Every structure is written in C-alpha cells, then in structure tokens.
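First up is the structure itself, then whatever we jot down about it.
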Amino acid sequence: MIPDGNYTAVVDEIEGSRVRLELQAADDELYELVVEVAELPDAGKKAGAVLSVEVVDEMLVEAEYEPEETNRRRQQAQDRFDRLSERSPDKK
C-alpha cells in the first residue's frame, strides 16, 4: 500500500498505454505505481524522466516534470558508465 503523500517518481517503463513509476518518499522508502501514460505531463512521458507527484488513495492526483533533476540523474549515469568503460582489465 502506498501512503498518501508527495514523492519523487522516475518513469521506469512504458508499455502500451501504461507506465510504471518508481516512487521514492522523503524517508527513502520505495514504492511502485502503475498509471495511464495520459496521466503524465507530455515532457515526462519517457523512460528515466523524473517527476514530483502526489498520490492519494493509491492514485496519481498530480504530476510535474522535473527537467533539471532528470538531466542531473542522466548525467550521473553517463559519468558512471564512462568511468567503468575507462577501467583497464585486471592483469593476472
């Protein structure tokens, strides 16, 4: 059960007309919510998009796309990938 409240959500997967959101509460508790794609703002209808959302009775009542946070997280992931790809193989 998802408690009523505000969450940071990341679009995890879009399949057809449904989208799975990973919700993170202020206390770092994680939840999953599946909603209709039409419930999201246009800019947030892509995998990896970060949104600020409000959930009441396990239903999405508000969603706002967060472009700066989306870009920050994408850059962090790219930086991690770049660092890993630069590692030389261990010599045995």
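The values are calculated or read from the model by the stated rules, or taken from the named source; none is laboratory data. The structure presented is a predicted model; accordingly, all values stated were derived computationally and were not measured. All Cβ positions, glycine included, derive from the backbone under ideal geometry; neighbour counts span all protein chains shown. Heavy atoms of the whole protein, side chains included, go into the accessibility calculation; ligands, DNA and RNA do not. Shrake-Rupley method; radii C 1.70, N 1.55, O 1.52, S 1.80 Å.
Taking every alpha-carbon pair within the chain, the share separated by more than 22 Å comes to 34 percent. Taking every C-alpha pair closer than 8 Å and separated by at least 6 residues, the mean separation divided by the residue count of the chain gives a relative contact order of 26 percent. A simple charge model with +1 on the Cβ of Lys and Arg, -1 on the Cβ of Asp and Glu and nothing else charged puts the dipole of segment 29-92 at about 920 debye relative to its Cα centre. Rolling a 1.4 Å probe over the heavy atoms of the protein chains gives the chain an accessible area of 71 Å² per residue. Highest mobility in the GNM of the chain, judged by mean-square fluctuation with C-alpha springs under 10 Å and restricted to Val61, Val53, Val34, is found for Val61.
How much FRET efficiency would the formula 1/(1 + (r/R0)^6) give for Met59 and Asp28, where r is the Cβ-Cβ distance and R0 is 30 Å, rounded to 0.05? The computed FRET efficiency comes out at 0.85.
In the chain, helices alone account for a calculated mean residue ellipticity at 222 nm of -7500 deg cm²/dmol, with every DSSP H run of four or more residues adding -39,500 (n - 2.57).
When the solvent-accessible area of the chain is split by element, carbon and sulfur atoms take up 46 percent of it, the probe being 1.4 Å. Axis angle, to the nearest 10 degrees, between helix 67-86 and the longest C-alpha principal axis of the chain: 30 degrees.
Of all the options Leu30, Leu40, Leu21, the one that moves most in a Gaussian network model of the chain with Cα springs shorter than 10 angstrom is Leu30.
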